[in-house]
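Just so it is clear, none of the values below were taken in a lab; they were calculated from the coordinates. Remember, it's a predicted structure, so these values are computed and weren't measured experimentally. Glycine gets a Cβ as well: all are built from the backbone with ideal geometry, and neighbour counts include every protein chain shown.
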Amino acid sequence: MAVNESLLPAVERVAELLRGAEHIACLTGAGVSAESGVPTFRGVGGLWEGRRPETLATPEAFAADPEEVWRFYLWRRRLLVACKPNPGHYALARLERRKPGLTLITQNVDGLHLEAGSRRVLAVHGDIWIDRCTRCGHEARATDKDLQTIPHCGSCGALTRPGVVWFGEMLPADVWTQAERAAASCDLMLVVGTSSLVYPAASLADVARAGGATIVEINPQATPLTSEADVGIPSPSGEALPAIVDRLGDS
Ligand code: BJW
Ligand code: ZN
């Protein structure tokens, strides 16, 4: 779908900002995958509606009831098998080819940016398709062959856990360091499809602003970042991003 006509001046402004920027950081959240059919976390129909995150997405919840937590993640893997990248993911992959100085920082664990062809992707909340051994740390990529059985380690046989970052856990240090560096040194940051509620990821926009970057937010709903952003496009990312990248042209 085309972006609403009233938003075209903002779309043109973002294209102009992109033309003039060398170092670009883009922070994405669950909203960028919503048009692929992947549920977001918060709000109506979100994964946390009717569920308590602390009973599913914390190390304490896993220690108390690993089977319950695994049931949730296996269900989400089954949902993901049917989900494909949408025009927003593809537009970001095109943008990276047009602007090699782009760093894509995603909170998403679904792998859809990579599937769409983005190469430099910093997945700060991990990858739902990784099984990590709770005893020896061995990691293996799950396949979509058996999405009913709780996976055990191929190396030592112990219980695994999904390779995602739960509340109260540190983000992967090397990935986080690169994300902070990209935010601190960018001229322009696009913040797309995130509620900007979860830290430390949400702080990356503050880091970018402190370094003098212009902040663009693409989100149909207002967030705590909205009043701080220099440009806002209140539109679904699967409409706004292709419109922006189309206007960027070859110049
Ligand atoms: C569209 C759209 C369309 C819809 N187009 N847009 C400072 C202050 C307060 C608290 C803390 C703080 N620092 C740390 C904390 C604690 C905590 C935290 O942030 N809590 C807050 C929620 C209060 N953070 C942590 O615990 C983090 N670790 C940490 O800080 O370590 C240091 C430490 C260690 C020990 C002790 C103390 C500190 C870890 C955070 C891990 C988050 N994990 C999850 C689950 C991942 C695994 C899984 O997938 O199950 O990550 S939670 C969940 O939220 C997931 C997401 O990545 C993350 C962000 O959500 P996101 O992407 O923004 O999605 P939504 O649903 O919130 O929003 C979607 C948006 O899309 C909406 O705005 C829509 O409008 C929009 N949208 N359709 C564009 N078509
Ligand atoms: Zn093991």
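Numbers below:
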item: Test: residue in the stretch 224-244 that is over 22 Å from ALA15 (Cα atoms), within 9 Å of ligand 1 (Cβ to nearest atom), of a type in the set (Ser, Thr, Tyr) and in contact (Cβ under 8 Å) with a residue 12 or more places away in the chain; result: no
item: Qualifying position, being near ligand 1 (Cβ under 10 Å from one of its atoms), of a type outside the set (Lys, Arg) and touching a residue at least 60 places away in the same chain (Cβ under 8 Å), among GLY126, GLY88, GLY101, GLY46; result: GLY88
item: Scope the stretch 26-46; condition surrounded by 20 or more Cβ atoms within 10 Å (Cβ to Cβ) and either among the small types (Gly, Ala, Ser) or more than 13 Å from the chain's Cα centre (by Cα) (or both); matching residues; result: GLY29, ALA30, GLY31, SER33, ALA34, SER36
item: Residue check, ASN86 over 13 Å from the mean Cα position of the chain (by Cα) and surrounded by 18 or more Cβ atoms within 10 Å (Cβ to Cβ); result: yes
item: Failed criterion for VAL198 (all others in (1) within 8 Å of ligand 1 (Cβ to nearest atom); (2) touching a helix residue (DSSP H, G or I) at 6+ places or on another chain (Cβ under 9 Å) hold); result: (2)
item: Some residue of the stretch 129-152 being under 15 Å from the mean Cα position of the chain (by Cα) and within 14 Å of ligand 1 (Cβ to nearest atom); result: yes
